[in-house]
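What follows is a short report on a single structure.
What follows is calculated from the coordinates using simple rules that are stated; it is not laboratory data. Worth saying up front: this structure is predicted, and the values here are computed from it rather than measured. Cβ coordinates were reconstructed from backbone atoms using ideal geometry, including for glycine residues, and neighbour counts include every protein chain displayed.
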Amino acid sequence: MMEINGTFKIETVNGTIVITPLENMGEFEYERIERDGKKALDWLSAGESKYVVVDMEKIDYYGSTALSFFVRLWKRLRAVGGHMAFCNVSPDERKILHVTRLDRLWSICGSREEALATVRNAGVPPETS
């Protein structure tokens, strides 16, 4: 399943919801981010998955409105025991996540494949010998 709206491409990859912002999300884009972000939240409500990867490959900037959306997404996932990771994060985006300390809540991965593996394995207890 895949959906493309003005702000996000939302798809399911191997049982994980992948949200790819399609354009930079500035401070004054509240209505657009809220409208299009609701569609991603609806996928979670529909039980599509409890794993989410946010792939930042197409953008290099987001503001506080986007951060608010990411936090709401994470809270919804946390409530169902889910996990979230980011990938392809630009240096500026990484700095924002570090300064806000959100990088302590979410895994920041170098590639989509790494992020997909990270969220799927986050709830798996380590093997014991």
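If you go through the stretch 14-39 and pick out every residue that is small (Gly, Ala, Ser) and not in a helix (DSSP H, G or I), you end up with 2.
Among the residues of the stretch 65-74, is any in contact with a Pro (Cβ under 8 Å, 6 or more places away or on another chain) and touching a residue at least 24 places away in the same chain (Cβ under 8 Å)? Within the stretch 65-74, one or more residues are in contact with a Pro (Cβ under 8 Å, 6 or more places away or on another chain) and touching a residue at least 24 places away in the same chain (Cβ under 8 Å). Within the stretch 1-35, the set of residues being under 15 Å from residue 57 (Cα atoms) and among the β-branched types (Val, Ile, Thr) comprises 7, 10, 18, 19, 20. Is one or more of the residues making up the stretch 72-88 in contact with a Lys or Arg (Cβ under 8 Å, 6 or more places away or on another chain), surrounded by 12 or more Cβ atoms within 10 Å (Cβ to Cβ) and in a loop (DSSP other than H, G, I, E, B)? Checked against the condition, which is being in contact with a Lys or Arg (Cβ under 8 Å, 6 or more places away or on another chain), surrounded by 12 or more Cβ atoms within 10 Å (Cβ to Cβ) and in a loop (DSSP other than H, G, I, E, B), the stretch 72-88 yields at least one hit. Looking across 116, 73, one residue alone is farther than 27 Å from residue 26 by Cβ and among the aliphatic types (A, V, I, L, M). It is 116. Consider the stretch 46-71 and keep the residues that are over 22 Å from residue 113 (Cα atoms) and of a type in the set (S, T, N, Q). The one that is surrounded by the most Cβ atoms within 10 Å (Cβ to Cβ) is 65.
Screening the candidates 72, 76, 94 for the property of being in contact with a Leu (Cβ under 6 Å, 6 or more places away or on another chain) and either charged (D, E, K, R) or within 16 Å of residue 21 (Cα to Cα) (or both) yields one hit, 76.
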